[in-house]
Amino acid sequence: MKNTNTTVTASSKLDRKTIERNRRIHMKALCFKLVSIIPSKYLKPTKDMLSQQDQLDLAATYIKHLRERIEKLKGEKEQAMKMMRTTQTNNGIFNIDADRLPLLEIKELGSGIEVMLISGVNKNFMLYEVISVLEEEGVEVVTANFSTVDNKIFYTVHAQVKISRVGVEPTRVYQKLQELIAPLESW
């Protein structure tokens, strides 16, 4: 009977040792993976010679650096957004005279285009008509958004070229869209 208890105890000790060894191997692999994603400019030249504790300290320092950078970038973004709102309100797109509406602007973005249309609430048109013109010209609409601000409707459409070797001619798109919105100008 005593012999059975000794066997069970020895086997449970071996199980605990195996479990602990597997845990240490797993932790070592995770530490290696953590250090491998830290950019080399943040590591000391002898990264292989660092102890596991040094590696963890380095990772913690890098994470703190990233958090500080995120906070700094959020602050810069907020400042830029405030400046943009102030500039737009003072200069421009919100103070457009209703007699000048609708406005059309097309930007070429590499293999795509961005169409921005501004119309009055009383001088609106169907967005599907704009999308149809774009599709006739060989582009595929990726996003289409609109918003209403101060009796003006702002439409933004992003489109990608369907066949890259054919491309898209922004001036022709502009002319066709002008023809579409021209009747609105006479209202």
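The values are calculated or read from the model by the stated rules, or taken from the named source; none is laboratory data. Computed from a predicted structure; not experimentally measured. FYI the Cβ positions are ideal-geometry reconstructions off the backbone, even for glycines, and counts take in every protein chain you see. The area values use the complete protein model at the heavy-atom level, side chains included, leaving out ligands, DNA and RNA. Shrake-Rupley method; radii C 1.70, N 1.55, O 1.52, S 1.80 Å.
Structure notes:
- Leading residue by the ranking (surrounded by the most Cβ atoms within 10 Å (Cβ to Cβ)) among those in region 117-160 that are in a helix (DSSP H, G or I) and of a type in the set (Ser, Thr, Tyr): Ser132
- Hey, Val157 among the aliphatic types (A, V, I, L, M), under 18 Å from Ile131 (Cβ atoms) and modelled with pLDDT of 85 or more or not: yes
- Residue, modelled with the lowest pLDDT, within region 161-187, restricted to residues that are open to solvent by 80 Å² or more (accessible area, probe 1.4 Å) and in contact with a strand residue (DSSP E or B) (Cβ under 8 Å, 6 or more places away or on another chain): Lys162
- Residues of region 127-142 classified as within 25 Å of the chain's Cα centre (by Cα) and farther than 11 Å from Val115 by Cβ, total: 2
- Residue count, region 148-163 (criterion: in contact with a Phe, Trp or Tyr (Cβ under 8 Å, 6 or more places away or on another chain) and closer than 21 Å to Gly110 by Cα): 2
- Filter result (modelled with pLDDT of 85 or more, under 29 Å from the mean Cα position of the chain (by Cα) and not β-branched (Val, Ile, Thr)) within region 37-63: Leu58, Ala59, Ala60, Tyr62
- Glu114 vs. criteria surrounded by 14 or more Cβ atoms within 10 Å (Cβ to Cβ) and either assigned to a loop (DSSP other than H, G, I, E, B) or among the acidic types (Asp, Glu) (or both): yes
- Flag not set for Lys33, criterion: within 30 Å of Glu179 (Cα to Cα), at pLDDT 85 or above and either touching a helix residue (DSSP H, G or I) at 6+ places or on another chain (Cβ under 7 Å) or open to solvent by 60 Å² or more (accessible area, probe 1.4 Å) (or both).
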